[in-house]
Amino acid sequence: MTSRHDGSLQNTRNFSLTLLSYLEQPLAQVRIYRQAIATNSYLHRQNILLQDELSRLRSVRQQNEILRSLLNLREVSTHSLIPVSVVAKELRSLNTFITVDAGTLHGARVGMPVINSDGLVGTVILVNERFSQVLPYNNSLFRVSAQIENSRASGIVSGEPDSGRILLLQFIPETIPVTPGEMVLTSGFSNQFPAGIPIGEVLRVETNTGQNTLQVYIQAFTDLNTLSEAFLVDFEPDSSINSLINQQRSLF
C-alpha cells in the first residue's frame, strides 16, 4: 500500500513539474521580450548620442577649415583686414542685408569692401559703434566694376535677391571671346574696391541683341547662405582719383 501511495505522489510531482515548465515558458519569453526592449531602447539612446557627437565633430572640423582659410587670406592680403562674424542676415527679401559684429570701435567705416576666403561678399553701408550692415552682392542696388581674368575685358557686375549666387556681368563688347569657367575679379576701376578680389566664374554667355554687348552670367564664389565669418578690407579710395572724377563731372 505504501509503495503504491509513494508512486502516486511521484506521478503527481512529475505532473506538477511538467505543468510548471509549460507555464514558465511564456513567462520566460515575456522576460526575454522585455530585456530586448530595454536593450533596444539603450542602443537607440546611444545611437542618438553618437550621432550628436559625430555632428559636433563635423561642425568643429568645418569651423577649423574656415578659420584656417581665413588666416591664410589674412597672411597673403595686401590690405589690413578686420575679422568679423555674421550676427544677422536677410537674404530672401528685396532689401537683402548682412550684419557683422564690428563697428567704429573696431575701425569699420562705410564703404569698406567685405570678403571671405572664397571671394567678394559685399560692401559696408551702415556703421555704429559695435556693428556694421553690409550690402551683399545679391542686393539689387549692388554694383562692382569687374574684369574677366583672361581677356581683361571690363564691365559692371550686379545681382538680384532671387537669383541666388547668379550674377550678371554687363557691357562686355561682343567681339571679346568669353568662355564658361573663366574667373571674374574686381577691376579696381571704380575706386571703391581694390583690384583682384575674386567674384565668381563664368557660367554662360548671351548676346545682348541690338547693343553689340554680351550678357555674361556668373556664379559667385561666396555662398551667402552659409557665410558665418568674413573680413572688412581696410581700403580707402584714392582721393586724387575721386577729385579728377568730380572735376570731370562738373564739366558736363
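The values are calculated or read from the model by the stated rules, or taken from the named source; none is laboratory data. Bear in mind that the values here come from a model prediction, so they are computed numbers and not experimental data. Glycine gets a Cβ as well: all are built from the backbone with ideal geometry, and neighbour counts include every protein chain shown.
Yes or no: G159 modelled with pLDDT under 95, out of contact with any Ser or Thr (no Cβ under 8 Å at 6 or more places or on another chain) and in the same structural domain as L227 (by TED's automatic domain parsing)? Criteria not met by G159.
Restricting the stretch 205-235 to residues that are in a loop (DSSP other than H, G, I, E, B) and either outside the structural domain of G188 (by TED's automatic domain parsing) or in contact with a His (Cβ under 8 Å, 6 or more places away or on another chain) (or both), the residue that is modelled with the highest pLDDT is D234. Just one of the listed residues (V216, V184, V178) is over 28 Å from I125 (Cβ atoms), crowded, with 17+ Cβ neighbours inside 10 Å and hydrophobic (A, V, I, L, M, F, W, C), namely V178.
Quick one: how many residues across the stretch 168-182 are over 13 Å from N212 (Cα atoms) and among the hydroxyl-bearing types (S, T, Y)? Number satisfying all stated conditions: 1.
Is it the case that the stretch 193-200 has a residue that's at pLDDT 95 or above and either part of a loop (DSSP other than H, G, I, E, B) or in the same structural domain as S117 (by TED's automatic domain parsing) (or both)? Walk me through how you get there before you give the answer.
Taking the stretch 193-200 first, the residues at pLDDT 95 or above are 199-200.
Cutting the leftovers down to either part of a loop (DSSP other than H, G, I, E, B) or in the same structural domain as S117 (by TED's automatic domain parsing) (or both) gives us 199-200.
Scanning the stretch 193-200, I find at least one residue that is at pLDDT 95 or above and either part of a loop (DSSP other than H, G, I, E, B) or in the same structural domain as S117 (by TED's automatic domain parsing) (or both), so the answer is yes.
Could you tell me whether any residue of the stretch 149-165 is among the hydroxyl-bearing types (S, T, Y), surrounded by 15 or more Cβ atoms within 10 Å (Cβ to Cβ), in contact (Cβ under 8 Å) with a residue 40 or more places away in the chain and over 26 Å from D101 (Cβ atoms)? There is no residue in the stretch 149-165 that is among the hydroxyl-bearing types (S, T, Y), surrounded by 15 or more Cβ atoms within 10 Å (Cβ to Cβ), in contact (Cβ under 8 Å) with a residue 40 or more places away in the chain and over 26 Å from D101 (Cβ atoms). Would the stretch 166-179 turn up any residue that is in contact (Cβ under 8 Å) with a residue 40 or more places away in the chain, assigned by TED's automatic domain parsing to the domain that holds F142, charged (D, E, K, R) and in contact with a helix residue (DSSP H, G or I) (Cβ under 7 Å, 6 or more places away or on another chain)? Looking through the stretch 166-179, none of the residues is in contact (Cβ under 8 Å) with a residue 40 or more places away in the chain, assigned by TED's automatic domain parsing to the domain that holds F142, charged (D, E, K, R) and in contact with a helix residue (DSSP H, G or I) (Cβ under 7 Å, 6 or more places away or on another chain).
A residue that is crowded, with 18+ Cβ neighbours inside 10 Å and either free of Cβ contacts under 8 Å to residues at least 40 places away in the same chain or more than 16 Å from A230 (Cβ to Cβ) (or both) occurs somewhere in the stretch 109-132. Each residue in the stretch 83-103 was checked for being exposed (fewer than 15 other Cβ atoms within 10 Å of the Cβ) and either touching a residue at least 60 places away in the same chain (Cβ under 8 Å) or part of a loop (DSSP other than H, G, I, E, B) (or both), and 5 pass. Condition test on Q248, is it part of a helix (DSSP H, G or I) and not aliphatic (A, V, I, L, M)? Judged against the criteria, Q248 is a match.
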